[in-house]
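*Asks:* What follows is a structure written as structure tokens; I'll ask about it next.
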Amino acid sequence: MATSRNASLRRWLLSLPPLEYALQQIRELLIGSLKCGPIPKHIAFVMDGNRRYAREHKLETVEGHHLGFEALARILEVCYKSGVEVVTIYAFSIENFKRSKYEVDGLMDMAKTKLVQMSQHGELFDRYGASVRILGDLSLVREDVIAEVNRAVEMTAHNQQAVLNVCFPYTSREEITRSIRETVKEYSVPADRAQAVGWRAFSESHIQRSLRSSRRLSNISEESRRSHPDLQPLTGEKEKAQAHPNPADLPSEDYSSADSTTEISSQEDLDANTTTTTTTTTAPSSSSQTSYSSPSPDFKPTTTPSKSTSKSTSKSTSTTQKPSHLPDPESLTTAHLTRNTYTSPAPPLDLLVRTSGVYRLSDFMLWQCHETTELRFLDCLWPNFDLWRFLPVLVEWQWRRRREGVGGLGEGKGGKVV
Amino acid sequence: MVGIRQSTAFHTDRDASGRELSAAEREKLLKPYLPSASNKQPTAGQDARRRFQRRPRVRPAIRRFLHWTLFTIIHTLFSIYIRLRKVYHAIIDRIMAVLYYHHRTPELIKRDVKSLSKVPSHLSVILDLPPEGGKKDALETLVNDACEVAAWSACAGVPMLSIYERTGILKATIPHLHRSIERTLTAYYGVNNPTKPTVSLRAPHIPSYSPPHSPPPTTTTTNNLNDPPTRPHLTILLISASDGRQTLVDLTRTLASMAQANKLIPADISADLIDAEITESVMGEPDLLLVFGDRVVLNGYPPWQVRLTEIYGVQDHVGGVEYAVFLRGLYRFARAEMRFGR
């Protein structure tokens, strides 16, 4: 009885306009003063505890998720006002599909209504300069939700200042697997090298030709050059070029290779049914390059070919191209895998917050958070999470950063996309 | 953060009189809380227009000063708070360390873990190479820590222990480490205690090391006919940063060259395949990961494996590898309450 009266008194007090105004000013002031120090560039949240909150307060589970969404809105406001660039949230795990169908449907409906609301209020996102990105395997989601997702993503795509990454049906293992798969795909297509060679101002065949002519000229000084150790590999290669079984097509090798690349790209167009312009017969190498640059990594996710098509393309590349045109797998580094993760253009993760006293990552941001990310496990439930609970975490992070003296360096390091 | 009236309106999607809100009304509710339309171009234009008015220049300066003052105050207060907290935690740690000490007696450790409902079947610890001291001293400290952790795990009945150390310096001293562990276990159990656990030490891509003079676990059954099954075995795995991301990169390289040779289609790559390969070449998922530092940072720990691992670190802990932390980790894992005293 006493507690409920206290609660209503508190509510009444807090809703008094002057007090409300003062509180608002204090919040703004706090956030503004936080900006004086280093601010994490990328924060991830695991929004855990919605269901437990609902159970403890005798609410419907879905109602708990609704309250969780409101807590998220509060936190996002704090983050973006204080200058965090990227916020990644764990909204829905692939594992969550194992929950009761009722709850999954409820979550999906909620996602849809929130997305609809989001698209109604695109202006708000513009005000924060925030764009929405959905990370995860969208093929598992209902189609009507996907439509809303795409609408929300497209509508905010032009904002550059901040990013909200929503991990929708996401697990980190799926992300790593996908990243490996994409990297392997990149490496089984000769795109990189063909592009790199094509853009250089010098053509290999021309150099070979001039080498041959120079050799013809200085045929007499053959012996002296052979004794020279530096030129040894050059002469060897030149001899190989001369011993080419079909010397007639050597002078026009750049053209023939251009033809073969256009062939491949056109075949890919047919297979993947994309709308890239088919510039097949206009032979000049520049056009072949433009058509070639389209199946570069950026376009990969949209044109993920099915098994048969990828097989056919890889076969065609292997038959038309020499295997030496494929990039060397040894040149693969962690940067390639990082680039192919869902979060790819985001700065490295600085802080990961998990609520509700669970001390594990639960398949979230494994690739991103295992280096220098500070993990914070809090005991409060997510719907209770607000500025006053978030502030100590943020201040402690700042405090450590300042003590480590990385404050100044952090900016230079944070800008680098790892 | 919006006021209470607005948040209830949002929550129910109705205004005070119970009418449903339209999109425009919702936006109106939020208007006062949004940051001022701070696009660079319009403000620049305004600045140019009223360059000679004083207000817009003075007010931001005051605000900046206010922010800066508040920032300094917050951080001063916070550093006082955090120091107090550290002292508090240090006291707690001391008390725990006094209350729970192993005295190098396996029986005491066994009694400590007896009440636990479960013990991790794969325990993992992150050890740090101490930065101070010479390289030799640092390595010696590290080896000591590893020995202690191994002995506690053996006593607690943990069958598998993986020790992560970023630089991988431990991997280079496997025979030495094995000798030290044997010595520590002897100090714990006595010279010829029949229940003294056997230890095998290995690292990814390095074959298991059990020296000839220590009887391998299979032969002990024939030697000691009295109590063959009571002699437990502890497998220790040494991992380093190169078993983390780098292993995944190596796997990708292999897969890429297979794909280039048309032995594999990219669509064949699945999480199960990767999991099988990684488990085979490095290790499976640990159940509990203990961090002995003052905050939880994984520091390059293998990412694929920490998926569902319980991560335990004591806040503000500065004492390094301590038995009390080890025990608290085990208690947390078993979701057991820790009471003071035994």
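*Asks:* For the condition in a helix (DSSP H, G or I), aliphatic (A, V, I, L, M) and in contact (Cβ under 8 Å) with a residue 40 or more places away in the chain, what is the one hit in B:L327, B:L273, B:L290?
*Replies:* Among B:L327, B:L273, B:L290, only B:L327 is in a helix (DSSP H, G or I), aliphatic (A, V, I, L, M) and in contact (Cβ under 8 Å) with a residue 40 or more places away in the chain.
*Asks:* Condition first: among the β-branched types (V, I, T) and out of contact with any strand residue (DSSP E or B) (no Cβ under 6 Å at 6 or more places or on another chain). Now tell me which residues in region B:180-198 satisfy that.
*Replies:* B:T184, B:T186, B:V191, B:T195 - these are the residues of region B:180-198 that are among the β-branched types (V, I, T) and out of contact with any strand residue (DSSP E or B) (no Cβ under 6 Å at 6 or more places or on another chain).
*Asks:* Separate question: Name the residue, out of A:I39, A:I89, A:I75, A:I43, that is assigned to a loop (DSSP other than H, G, I, E, B), more than 9 Å from chain B (Cβ to nearest Cβ), crowded, with 19+ Cβ neighbours inside 10 Å and β-branched (V, I, T).
*Replies:* A:I39
Here is a yes/no grid of residues against (1) open to solvent by less than 60 Å² (accessible area, probe 1.4 Å); (2) part of a helix (DSSP H, G or I); (3) more than 30 Å from B:D128 (Cα to Cα); (4) at pLDDT 85 or above:
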position	(1), (2), (3), (4)
B:T220	yes, yes, yes, no
B:I236	yes, no, no, yes
B:T252	yes, yes, no, yes
B:L255	yes, yes, yes, yes
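*Asks:* Could you list all residues from region A:327-346 that are among the β-branched types (V, I, T) and either open to solvent by 40 Å² or more (accessible area, probe 1.4 Å) or at pLDDT 90 or above (or both)?
*Replies:* Within region A:327-346, A:T333, A:T334 qualify.
*Asks:* Where the second residue is not in a helix (DSSP H, G or I) and the first is in contact (Cβ under 8 Å) with a residue 24 or more places away in the chain and lies in region A:7-33, which pairs have Cβ atoms under 6 Å and are six or more apart or on separate chains?
*Replies:* A:R27/B:M1
*Asks:* Please enumerate the residues belonging to region A:347-362 that are within 18 Å of the chain's Cα centre (by Cα) and open to solvent by 10 Å² or more (accessible area, probe 1.4 Å).
*Replies:* Within region A:347-362, A:P347, A:P348, A:D350 meet the criteria.
*Asks:* Let me ask you something else. Scanning for something surrounded by 21 or more Cβ atoms within 10 Å (Cβ to Cβ), out of contact with any helix residue (DSSP H, G or I) (no Cβ under 9 Å at 6 or more places or on another chain) and not small (G, A, S), does region A:147-154 turn up at least one residue?
*Replies:* No - not one qualifying residue is present in region A:147-154.
*Asks:* Next question, about the same structure. Just wondering, is there one or more residues in region A:101-113 that are more than 14 Å from chain B (Cβ to nearest Cβ), surrounded by fewer than 20 Cβ atoms within 10 Å (Cβ to Cβ) and part of a loop (DSSP other than H, G, I, E, B)?
*Replies:* No.
*Asks:* Test of understanding: among B:E310, B:E322, which residue is closer than 25 Å to B:T167 by Cα and at the interface with chain A (Cβ under 10 Å from one of its Cβ atoms)?
*Replies:* Unique residue meeting the criteria: B:E310.
*Asks:* Could you go through region A:91-98 and let me know if any residue there is modelled with pLDDT of 90 or more and on the phi < 0 side of the Ramachandran plot.
*Replies:* No.
*Asks:* Among the residues of region A:371-387, is any touching a Gly at 6+ places or on another chain (Cβ under 7 Å), modelled with pLDDT of 80 or more and loosely packed, with under 15 Cβ neighbours inside 10 Å?
*Replies:* For region A:371-387, residues touching a Gly at 6+ places or on another chain (Cβ under 7 Å), modelled with pLDDT of 80 or more and loosely packed, with under 15 Cβ neighbours inside 10 Å: present.
*Asks:* At least 2 residues that are buried (at least 18 other Cβ atoms within 10 Å of the Cβ) and free of Cβ contacts under 8 Å to residues at least 40 places away in the same chain in each: list the strands (runs of 3 or more DSSP E) lying fully within region B:139-214 that qualify.
*Replies:* Counting at least 2 such residues, we get B:198-203.
The values are calculated or read from the model by the stated rules, or taken from the named source; none is laboratory data. Values in this document were obtained by computation on a predicted structure and should not be read as measured data. Using ideal geometry, Cβ is built from the backbone for each residue, glycine included, and neighbour counts are taken over all protein chains shown. We work out accessible area using only protein heavy atoms, side chains counted, and drop any ligands, DNA or RNA first. Shrake-Rupley method; radii C 1.70, N 1.55, O 1.52, S 1.80 Å.
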